[in-house]
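The values are calculated or read from the model by the stated rules, or taken from the named source; none is laboratory data. All values derive from a computational prediction rather than experimental measurement. Quick reminder, even Gly has a Cβ in these numbers, built from the backbone with ideal geometry, and neighbours come from all protein chains shown.
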Amino acid sequence: MAQQVPLDFLGDLRRTHSCGALRAANEGQRVVLMGWVYRRRDLGGVIFIHLRDREGVTQIVFRAECDGSLHGKAEMLRSEYVIAVEGLVEARTAENINPNIPTGEVEIVAEKMWLLNTSETPPFPMEEHVDVNEDMRLKYRYVDLRRPHMQRNVMLRSKISLEVRNELYSQGFLEIETPFMTKSTPEGARDFLVPSRIQPGNFYALPQSPQIFKQLLMISGYDKYFQIVRCFRDEDLRADRQYEFTQIDLEMSFPQEEQIFQTIEPLLEKVCAVAGYTVKAPFPRMTYAEAMQGYGIDKPDLRLPRFWPVEDLFPADAGLTREGLPLVAIHIPSTGALSRKERDELKDYGRERGLTVYDDPKRLERDFPGVVEKVRERTGAGENDLLLLAGWRDEPKGQRPEETVYQACGQLRLYAGQKYNDRHKLLDPTDFRFLWVLDFPMFEWNDEDSRWVAAHHPFTSPKDEDLEKLTTDPARCRARSYDIVLNGVELGSGSIRIHRQDIQSQVFSAVGFSLEEARAKFGYLLDALTYGAPPHGGIALGLDRLVMILAGESSIREVIPFPKTAKGTDLMSEAPSPANERQLRELGIQLRRPQS
Ligand code: ASP
C-alpha cells in the first residue's frame, strides 16, 4: 500500500493549474496539479497517468530512468486514487500529440508526487461513453458525478443559473424567496405533506410552485419578482419528471403577454449562448387552436412539418371521416417508399388510437381523381415523402371531438417522424426551435371526477371576450395563458392572472369549488385581491428540462446531481425510510396498514 501523506499535509502545497488548463504555451513551466487517477498505462520503464479534475485531464509521465523511487510510487497508483503532482510541462513530440484532449500537445514530467487518498476500485468504468446500469450509477452517485459527462452537465447547469440571474437582475427583477412549508397550492398534482409536531394532526404542504406567493408579492408592490426555486409534486416519475424539480419562476405587475415574451426571449437567447448555441428571437407564436389543427398537440415540434385538414378537398360524401370531424393529411419528408409491413405498422398505430388511416395515394387517386394532387399542393409532400390520410369513423369522442381526432393524428405524426428520422434527419437535437403557444382553453374535462378542472391553474385570467363562456360554454372558454415550447418539450407555462376578486370567485365556482371550499383553501388570496391588486402575470420555466436539452441529454436525471428513481427512491441514502417510533409519537402519527 502506498504511503499516504499526513492529514495536515496540504499546508503549503498549492495547486497552480487545473488538469484541463495546460497548453503548448505552458511549456517549460513548473506546475502542481491535483486530481484523480483516470487512466494508467504502465509500459515498464514509463508510466503514463491521465490525471483528471472537473476541467479535464492532463498526461503525467513517470520515467524509471529519471527517478526510480518516484516511478516505483507511481506503480502503486490505481484508478481514482487522489494525488498531487509537481513537474515540468513538456511539449509532446508530433507523433505523441493526442488530438482527443485539449491538453494533448503537452505532458507533465513528474518530479514529485503525493498520494492524498486511495480509492476502492470504482463500481463501474469512469469513461463517459461506457453504458452503466442506472441503478448502479445512482447508488454510487458520488462516483458517477465524477465522470466527465456528468461534470460537464453539472457545470453547464451552474453557468445557466448564473446567466438567468444576471439577465433577470439586468432587467430589473428582484430575487425573493417564498416558503417551502406552506399550504396546498393548486398545480394539479398531489401535495407532499409535512406533519406539524406542535400542532398534532396539522400538516404543511410543500409548494407545487410559488404561484400564490408570487401573486401576493405583486399585490405587495414588488413589481418584478424571480426565483430559481425548488417545487414539489407527488406524481408519477418519468424521464422528464422528478418529485422535486427546479423552476425559473417569475412574475410581473402591469404586463400584457407581450412583456412576458420580451422578458423570456432574451433570457433564452443568452442561456443558449452559454451552452454554445445561437438562437434568434422573436420566437414564432401560434394559438392553441392552431397548434391542434396543425400538430395535434399543445407542444408542437416544429422540426417536422405540420399536418393539414383536407376534408374540404374531398366530395362531401367521400366517407373517409365522420361528418363534422376532420380528415387530416400527415406528411413526413424523405422516407422513400415504405414496405407493406411498414405501412401496416403505421395503420395499426393509428387504428389503436381510433383513426382510419389511408396509406395508398394511388388508390385515393383512383377513387377521387385529381384530389391527391391538391393534397400534395397543400401539404408540400413530394413523391419521395410519406403521405398519410387519417379520418375518424367511430362515434365522436371527448368534449372537443375534433381535438380528439387531431390528437390521435398528432401522435401518428410524431411516431412516423421519429421512426424515420434516420432517413429525413430532421429531428436534429441541436436545431433549437422555440415556439410560443397562446390562448389555451381555460378548462379541461376530468373524466374521473366528471368535472371541469383548470387547464393551467385557477388563477389564470379568462380572455375578456370569453368571460361569458365561463358559465355558458366552459369547453370553449379560452385563457390568457401561454407555453414556451422547445422541440416538442414544454419548457414553461404562464399566464396573465385574475386580479379581481369577483372573477376569481367565478372561476373557483366553474371548477367546482363551493364558496366555503374556496375560502378554506385560498381565502387569503381572495382577501388580498380586495386590497389593491394590480394586474399581473408571469411564467415558470423548468430549469431541469432546459439544461437537459442544452446538454443533449434525454433524461432530467442526467442534469440533477441527486435524483430519485422512477419509484421515488434515493438509491444512495435509501430514502424514503421508516420513521422511528419516537418520531411518530412526537408527531402524533399512528400508522395504518397500507390499504391493498
Ligand atoms: N405556477 C405555474 C406552474 O408551475 C407557472 C405560472 O403560471 O407562472 O406551472
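Here are the numbers for the structure shown:
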{"read-out": "Flag if L174 is more than 30 Å from I589 (Cα to Cα), in contact (Cβ under 8 Å) with a residue 40 or more places away in the chain and crowded, with 19+ Cβ neighbours inside 10 Å", "value": "no"}
{"read-out": "Index of the failed condition, L470 passing every other in (1) over 32 Å from the mean Cα position of the chain (by Cα); (2) within 16 Å of the ligand (Cβ to nearest atom); (3) not charged (D, E, K, R)", "value": "(2)"}
{"read-out": "Complete set of residues in segment 340-373 that are within 26 Å of E395 (Cα to Cα) and either in contact with a Gly (Cβ under 7 Å, 6 or more places away or on another chain) or not in a helix (DSSP H, G or I) (or both)", "value": "R353, G354, L355, T356, V357, Y358, D359, D360, F368"}
{"read-out": "Test result for E163, assigned to a strand (DSSP E or B), surrounded by 15 or more Cβ atoms within 10 Å (Cβ to Cβ) and touching a residue at least 24 places away in the same chain (Cβ under 8 Å)", "value": "no"}
{"read-out": "Test: residue in segment 234-246 that is touching a residue at least 24 places away in the same chain (Cβ under 8 Å), β-branched (V, I, T) and either within 11 Å of the ligand (Cβ to nearest atom) or within 18 Å of R497 (Cβ to Cβ) (or both)", "value": "no"}
{"read-out": "Test: residue in segment 87-100 that is in contact with an Asp or Glu (Cβ under 9 Å, 6 or more places away or on another chain) and closer than 18 Å to M126 by Cβ", "value": "yes"}
{"read-out": "Criterion (buried (at least 18 other Cβ atoms within 10 Å of the Cβ) and more than 30 Å from E490 (Cα to Cα)) met by exactly one of F307, F314", "value": "F314"}
{"read-out": "Those residues of segment 470-495 which are in contact (Cβ under 8 Å) with a residue 24 or more places away in the chain and surrounded by fewer than 22 Cβ atoms within 10 Å (Cβ to Cβ), in sequence order", "value": "L470, T471, P474, A475, R476, R478, D483, N487, G488, V489, E490"}
{"read-out": "All positions within segment 201-222 that are within 11 Å of the ligand (Cβ to nearest atom) and either over 29 Å from the mean Cα position of the chain (by Cα) or among the small types (G, A, S) (or both)", "value": "S209"}
{"read-out": "Residue check, Q227 more than 15 Å from the ligand (Cβ to nearest atom), of a type in the set (S, T, N, Q) and either touching a residue at least 40 places away in the same chain (Cβ under 8 Å) or surrounded by 18 or more Cβ atoms within 10 Å (Cβ to Cβ) (or both)", "value": "no"}
{"read-out": "Test result for L435, closer than 24 Å to V279 by Cβ and either out of contact with any strand residue (DSSP E or B) (no Cβ under 9 Å at 6 or more places or on another chain) or within 16 Å of the ligand (Cβ to nearest atom) (or both)", "value": "no"}
{"read-out": "Filter result for G494 (more than 14 Å from the ligand (Cβ to nearest atom), under 24 Å from the mean Cα position of the chain (by Cα) and either under 30 Å from F245 (Cβ atoms) or hydrophobic (A, V, I, L, M, F, W, C) (or both))", "value": "no"}
{"read-out": "Which numbered condition N421 misses (of (1) over 20 Å from the mean Cα position of the chain (by Cα); (2) more than 15 Å from the ligand (Cβ to nearest atom); (3) at pLDDT 95 or above; (4) buried (at least 17 other Cβ atoms within 10 Å of the Cβ))", "value": "(4)"}
{"read-out": "T278 being within 14 Å of the ligand (Cβ to nearest atom) and at negative phi", "value": "no"}
{"read-out": "Tally of residues being within 14 Å of the ligand (Cβ to nearest atom) and part of a loop (DSSP other than H, G, I, E, B) across segment 174-192", "value": "8"}
{"read-out": "Residue that is nearest to the ligand (Cβ to nearest atom) [pool: residues in segment 439-454 that are surrounded by fewer than 22 Cβ atoms within 10 Å (Cβ to Cβ) and in a loop (DSSP other than H, G, I, E, B)]", "value": "D439"}
{"read-out": "Candidates R146, R157, R137, R152, filtered to the one that is free of Cβ contacts under 8 Å to residues at least 24 places away in the same chain, among the basic types (K, R) and outside any strand (DSSP E or B)", "value": "R137"}
{"read-out": "Some residue of segment 125-133 being assigned to a helix (DSSP H, G or I) and exposed (fewer than 13 other Cβ atoms within 10 Å of the Cβ)", "value": "no"}
{"read-out": "Criterion violated by M286 - all others in (1) part of a strand (DSSP E or B); (2) within 13 Å of the ligand (Cβ to nearest atom) satisfied", "value": "(2)"}
{"read-out": "Any hit, segment 579-594, residues being under 19 Å from E235 (Cα atoms) and out of contact with any strand residue (DSSP E or B) (no Cβ under 9 Å at 6 or more places or on another chain)", "value": "yes"}
